[in-house]
Amino acid sequence: MDCDDTVTEEVCREDDVGDGQLLEVMVAGYPVLLVRNRMEFSALGSKCPHYGAPMSKGVLRGERLRCPWHGACFNIRTGDIEEYPTLDCISCFKVTVEDGKVFITAKKKDLESSLRVKDTSRRCLLNRNTVLLLGGGVAALVCAETLRQEGFTGRIIMATNEKHVPYDKSKLSKEMNLKPEDMYLRKPEFLKALDIEFWPEKEAMSVDFQKQRVRFMDGSSQKYQQLLIATGSHSGFLKVPGADLQNICTLQIPEDSSKILKLATGKNVVIVGASFIGMEVAAFLSDKAGTISVVEREEFPFQHALGPQVGSVAMKMLQNKGVKFHMKTELCELKGKDGKVTEAVLANGKNLPADVVVVGIGSTPNSAFLKGTSIARDDQGAILVNLHMQTNIPNVFAAGDVVTFPVALLDGDRSSIHHQQVAEAHGHCAALNMLQRGKELHTVPYFWTTMLGKSIRYAGCGKGYTDTVVKGSLEQQKFLIFYIRDGHVTAAASLNCDPMVSLIAEVLYLGKQISKEEAEACDIGNIPLLAQS
């Protein structure tokens, strides 16, 4: 069979699939997802292009199908992306019904891969417009790709102080044994094919908004017609005696991951901060380091983001792997020998052996190069944007970790949300508004943290929550927790309860409220109850 050969196979009887049902079937030996919605059939790739989640376990609402693991959404008629974190569409196949039998027609090469890259426009040299993207993360990448997908034929430049093409930053702490190229979201050849100029190790030094020109550290400058600032954020730095000793690491780039893994193997590791980075590093190193000690000011890990209940579950998971926690205290000094760290001194009087220290405390927007300009920033340095991702300066947009933006789930209050999926949604929205589409940001934040082969999923924005409703069992590590603000759900987290968080994300996306009473009545084994919200 030639790889371009088309096959048509009967996959089931029409009566075998109820309305709203997702059924995985086989076509030429490959799994395909058959969907029936309002009595019409669609056929799609069976796996999410992001991390390969089985889409048959996903959540279908109308013509939107949401991934059960990380919340990516696809249109069931076209397979096109409707929500990130995936960058690719899903394959779509022809379905026919004859005499009560359902047939799927597909090309073998499309069956072999679940993903499909969207069609893009070509660069036209007659179009002199230049869009300059500062930053090499997912916000800039999605902005660049969206511009090409939506017909922009001008010049696109992505300038970043990093030396790598955009990569999956979530893997830095989850899979520390990967090579940089294993984390790449797009290969250099892909960017080249889309005529996206990629300028590595090119750090912005200043911006002249009136002249619409950016100056770089290497002395060069670049004029733009439209600018996206997506420079991200950086980890907080230690401010204690001994902070300048060797083997004190932050986790910012792929090289940091491999360096920490090498230094930590068989040695004493002290992790400062029980944040997502700190906990994921502790989990990954738990069977590789000699000893691991986590130092944290709060009583529980993830306390501000996920609350004490989820934090205590995560803490027990790691304690069972030998990780030691020193909570409600802080690092006050680092001691060393021959310029290398050897010991961490805590405020509670304890001294911990330390061959390597990993710092995972706080984050600061990378916006210092804007100091002295008229761009509006908050007290932390985050750039203020509206729901079109516009700053207070014409033709200047901003996206990702460097911004603070109005959050619908917080009744329009501003927040900085440092999730990959949010940054991608920002980049998409900014691109559409560069093209004068009048697009308002509409997304439900979705993230996950992975430890010891288990993922805690989270959707929504629980900032300022005053109450929680827990379903399932925290002790048995199978639970769904609702975060309540002003009497209704603004976020949810789960462990071993897929696809509940994706379902709740979809309900919130549709603008429907889930009351505290509905949350209390929810049965984690009975999805339809919430599906009617």
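The values are calculated or read from the model by the stated rules, or taken from the named source; none is laboratory data. Keep in mind that what you see is a predicted model, and the values were worked out from it rather than measured. Quick reminder, even Gly has a Cβ in these numbers, built from the backbone with ideal geometry, and neighbours come from all protein chains shown. For accessibility, only protein heavy atoms count, side chains too; no ligands or nucleic acids. Shrake-Rupley method; radii C 1.70, N 1.55, O 1.52, S 1.80 Å.
For the range 410-433, filtered to residues that are acidic (Asp, Glu) and open to solvent by 10 Å² or more (accessible area, probe 1.4 Å), the residue that is nearest to GLY232 (Cα to Cα) is ASP413. Looking only at the range 298-320, residues that are outside any helix (DSSP H, G or I) and under 26 Å from the mean Cα position of the chain (by Cα) come to 4 in all. Restricting the range 243-266 to residues that are of a type in the set (Gly, Ala, Ser) and surrounded by fewer than 19 Cβ atoms within 10 Å (Cβ to Cβ), the residue that is nearest to VAL323 (Cα to Cα) is GLY266. Note on the range 337-354: residues that are touching a residue at least 24 places away in the same chain (Cβ under 8 Å) and open to solvent by 50 Å² or more (accessible area, probe 1.4 Å) total 3. Within the range 60-83, one or more residues are among the basic types (Lys, Arg), open to solvent by 40 Å² or more (accessible area, probe 1.4 Å) and in contact (Cβ under 8 Å) with a residue 60 or more places away in the chain.
Scanning the range 391-409 turns up one or more residues that are out of contact with any strand residue (DSSP E or B) (no Cβ under 7 Å at 6 or more places or on another chain), at pLDDT 95 or above and buried (at least 22 other Cβ atoms within 10 Å of the Cβ). Of PRO301, PRO365, all but one fail to be surrounded by 14 or more Cβ atoms within 10 Å (Cβ to Cβ), touching a helix residue (DSSP H, G or I) at 6+ places or on another chain (Cβ under 6 Å) and closer than 15 Å to GLY278 by Cα; the exception is PRO301. The set of residues in the range 267-278 being open to solvent by 10 Å² or more (accessible area, probe 1.4 Å), in a loop (DSSP other than H, G, I, E, B) and touching a strand residue (DSSP E or B) at 6+ places or on another chain (Cβ under 7 Å) consists of LYS267 alone. Residue-level analysis places GLN436 outside the set of residues that are out of contact with any Leu (no Cβ under 7 Å at 6 or more places or on another chain), closer than 20 Å to HIS304 by Cα, open to solvent by 40 Å² or more (accessible area, probe 1.4 Å) and part of a loop (DSSP other than H, G, I, E, B).
For the range 473-487, the criterion of being surrounded by fewer than 17 Cβ atoms within 10 Å (Cβ to Cβ) and basic (Lys, Arg) is met by at least one residue.
What residue, among those in the range 279-292 that are farther than 19 Å from SER235 by Cα and in contact with a helix residue (DSSP H, G or I) (Cβ under 9 Å, 6 or more places away or on another chain), is most open to solvent (accessible area, probe 1.4 Å)? In this case the residue turns out to be LYS288.
Out of THR466, THR443, one residue alone is among the hydroxyl-bearing types (Ser, Thr, Tyr), open to solvent by less than 50 Å² (accessible area, probe 1.4 Å) and either in contact with a strand residue (DSSP E or B) (Cβ under 8 Å, 6 or more places away or on another chain) or within 16 Å of THR490 (Cα to Cα) (or both). It is THR443. The criterion of at least 1 residues that are of a type in the set (Asp, Glu) is met by the following strands (runs of 3 or more DSSP E) wholly inside the range 321-408: 331-337, 340-346. Taking the criterion of being closer than 19 Å to LYS316 by Cβ and without any contact (Cβ under 8 Å) to a residue 60 or more places away in the chain, the only residue of the range 440-464 that qualifies is GLY453.
Among the residues here, LEU409 qualifies as in contact with a Leu (Cβ under 8 Å, 6 or more places away or on another chain) and either among the hydrophobic types (A, V, I, L, M, F, W, C) or touching a residue at least 60 places away in the same chain (Cβ under 8 Å) (or both).
Determine whether ILE524 is in a loop (DSSP other than H, G, I, E, B), of a type in the set (A, V, I, L, M, F, W, C) and out of contact with any helix residue (DSSP H, G or I) (no Cβ under 7 Å at 6 or more places or on another chain). No.
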